[in-house]
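The values are calculated or read from the model by the stated rules, or taken from the named source; none is laboratory data. Predicted model only: the values in this text are computed from it and were never measured. Ideal geometry is used to build each Cβ from the backbone, glycine not excepted, and the neighbour counts take in all protein chains shown.
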Amino acid sequence: MKPIAEMLRYLSHPAITELALTTGRCPMIKSLNGYEPVDNAVLTADELNRTLLAMVGPARAASVTEKPVKWSVRAEGMATLSIIAARRGELLSLRVMRTGDSAATVPGARPAEAAAEAPAAPEAPAGDPNAPVAPNIPPIRPSSVGMKVIKASPNPVQPPTLQPSPAAPAAPPRVEFWKDLPSLMEEARRLGASDLHVVAGRPALFRVASELRPEGEVLSPEKVEQMLLPQVPARLRPVLEKDGSCDFSLESAASGRFRVNVCRQRTGFKGSFRVISREIPTLESLGLPPSIAKAAHHHQGLIVVTGPSGHGKTSTLTALVDLINRESKHHVLTVEDPVEYLHPRKQALLSQREVGTHTRTFASALKGSLREDPDVIVVGELRDTETVRMALAASETGHLLISTMNTPSAAKTIDRLIDLFPPGDQAQVRLTLASSLRLIVSQRLLPSADGKGLVAAAEVLPGSVALGNLIRDNKTFQIPSLQQRGKSLGIIRFDDSLAELVKAGKTTLEIARGFAESPDELEAVVTGKRPGAPQPEAPAQDGKLMNKVGSLLGRRSA
């Protein structure tokens, strides 16, 4: 955090009129273009209280209340400064403004140059809904981005370049957070974002709770190229030149591990960074049904985790591998493109292979794995016919194979696995699936009720004799009917999982309806009302109706 004395020297620049400091935020300066941060540190209440004490003294600092109080202070080497302070509980706000050389100095006030070091943040000017707020207005949450430009402009005002004074060295030039890729990666992790997008011609984009949030200034094509190309491994640069896209993993001590895709597009290069958790996830932490863990104890067969791209399939796959790693002494061989989670040494022996680095293709890695004495084979994704063929062969030869597919439901996953093969091979594939399929988990991530995160809804279809018969007899269209009556077999329908999330308060009915296969049925399960049932009439209307009936009966008796 910069000393307050250094930040006050920004006010000597004619284009900068105010320094704004608030508890829980970063220091901001105000110019004709609005507010901009001058440091990425966030101020605590104790630090800002010490700053106020050093600037105006203990008597005046103790008099600050919710009603703003104003003093004038003479700062060495600059005009008289006007200080406005207000406090509400732990929230303290200071506004320091340049007022001119003729203003009188308040007796007993301390020079602002002697202020203690303290991070701080701004209060809102009238009419600017995007600016920070002062304590005399109901407080809002601190900005989610530590160095966010509050009011962006095509040509933002830069901090003034000042000559060093005998009292303190000149402030170093400020580097915006979006001009440094490691800082962007750290910011993505701090925000709890699932993805970071660095795109030529757009601001940096953070995906938080399934929504993309732009932050900072527009990135030029030259800047994006300067950020991304040095990160591409040497072995993949010919691939990027030839195919226009490449995938790899990136790791640093400060920002952690990311899965990266770099590609070309219309405006230039684009980088997509998937944030990988520092902790190995578990089924409990992901909010998935505990019954899924039972499938990991099979000695052979096929487990497939499905769902749309970006809906947590890799995390579920990792949780299953970690379960085996913790509870068994098997040899687990993984084939990924690229390797995402790094599994620590526990009970099992883990061999993690990366396509392009340790093996040429998924299919070649699976073919070689059968000679490596594995108990469990994990394939990052079943992408093509050859990979699926080798996976089914491995599941029949005494190995437990776990993989993922981009399919929307369990029933469609079975159809996709069969349709990948030519018609002459499909009968044999159905026989293999009928005997080796152990579990299909189809999951979706949807916004939580508070809008701050995501929750998982999962469709669970375990292998059973009934399911095997439908697959073998080419009657997969009857799988939804089996799911309706198969709770005793451990089957969980997707809409039932949504209903449980709504009843538990983890998401709302409105959000769940947007993901449900049968929205009306889901609402009926949650509210207890049959779909299409007539609503009861109001009591007043019932009373009028009874009066009419009574009068008619009276006329007939007369």
Open item on the list: Could you go through segment 294-317 and let me know if any residue there is under 29 Å from V199 (Cβ atoms), of a type in the set (G, A, S) and surrounded by fewer than 20 Cβ atoms within 10 Å (Cβ to Cβ).
Closed with: yes
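So that you can scan it fast, the table gives a plain yes or no per residue for (1) out of contact with any Ser or Thr (no Cβ under 6 Å at 6 or more places or on another chain); (2) part of a strand (DSSP E or B); (3) at pLDDT below 90; (4) surrounded by 14 or more Cβ atoms within 10 Å (Cβ to Cβ):
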| site | (1), (2), (3), (4) |
| --- | --- |
| L229 | yes, no, no, no |
| L250 | yes, yes, no, yes |
| C263 | no, yes, no, yes |
| E279 | yes, no, no, no |
Open item on the list: Suppose the filter is assigned by TED's automatic domain parsing to the domain that holds V305, under 33 Å from the mean Cα position of the chain (by Cα) and assigned to a loop (DSSP other than H, G, I, E, B); does L382 pass it?
Closed with: yes
TODO: Please work out which residue is surrounded by the fewest Cβ atoms within 10 Å (Cβ to Cβ), limiting yourself to segment 14-24 and to residues that are touching a Leu at 6+ places or on another chain (Cβ under 8 Å) and at pLDDT below 80.
DONE: A15
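Could you list all residues from segment 439-455 that are buried (at least 22 other Cβ atoms within 10 Å of the Cβ) and of a type outside the set (V, I, T)?
L439, S442, Q443, L445
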TODO: For residues that are buried (at least 21 other Cβ atoms within 10 Å of the Cβ) and either of a type in the set (S, T, N, Q) or in a loop (DSSP other than H, G, I, E, B) (or both), scanning just segment 69-113, find the one that is modelled with the lowest pLDDT.
DONE: A75
Open item on the list: Tally up the residues in segment 359-379 that are in a loop (DSSP other than H, G, I, E, B) and either closer than 21 Å to L431 by Cβ or modelled with pLDDT under 90 (or both), please.
Closed with: 4
- [ ] Could you pull out the residue among L467, L498 that is in the same structural domain as T306 (by TED's automatic domain parsing), part of a helix (DSSP H, G or I) and buried (at least 20 other Cβ atoms within 10 Å of the Cβ)?
- [x] L467
Open item on the list: Considering only segment 380-390, I want to know if a residue exists there that is in contact (Cβ under 8 Å) with a residue 60 or more places away in the chain and more than 15 Å from N474 (Cβ to Cβ).
Closed with: yes
Task: Selection status of R353, touching an Asp or Glu at 6+ places or on another chain (Cβ under 9 Å) and basic (K, R) - done: yes
Task: Members of segment 319-337 that are of a type outside the set (A, V, I, L, M, F, W, C) and buried (at least 20 other Cβ atoms within 10 Å of the Cβ) - done: D322, N325, T334, E336, D337
- [ ] Taking M185 as meeting all but one of (1) in contact with a Ser or Thr (Cβ under 8 Å, 6 or more places away or on another chain); (2) in a helix (DSSP H, G or I); (3) hydrophobic (A, V, I, L, M, F, W, C); (4) modelled with pLDDT under 90, write down the number of the exception.
- [x] (4)
TODO: Scan segment 292-314 residue by residue and report those that are within 20 Å of T387 (Cα to Cα) and either touching a strand residue (DSSP E or B) at 6+ places or on another chain (Cβ under 6 Å) or assigned to a strand (DSSP E or B) (or both).
DONE: Q300, G301, L302, I303, V304, V305, T306, G307, K313
TODO: Determine whether segment 264-272 contains at least one residue that is within 24 Å of V355 (Cβ to Cβ) and within 15 Å of the chain's Cα centre (by Cα).
DONE: yes
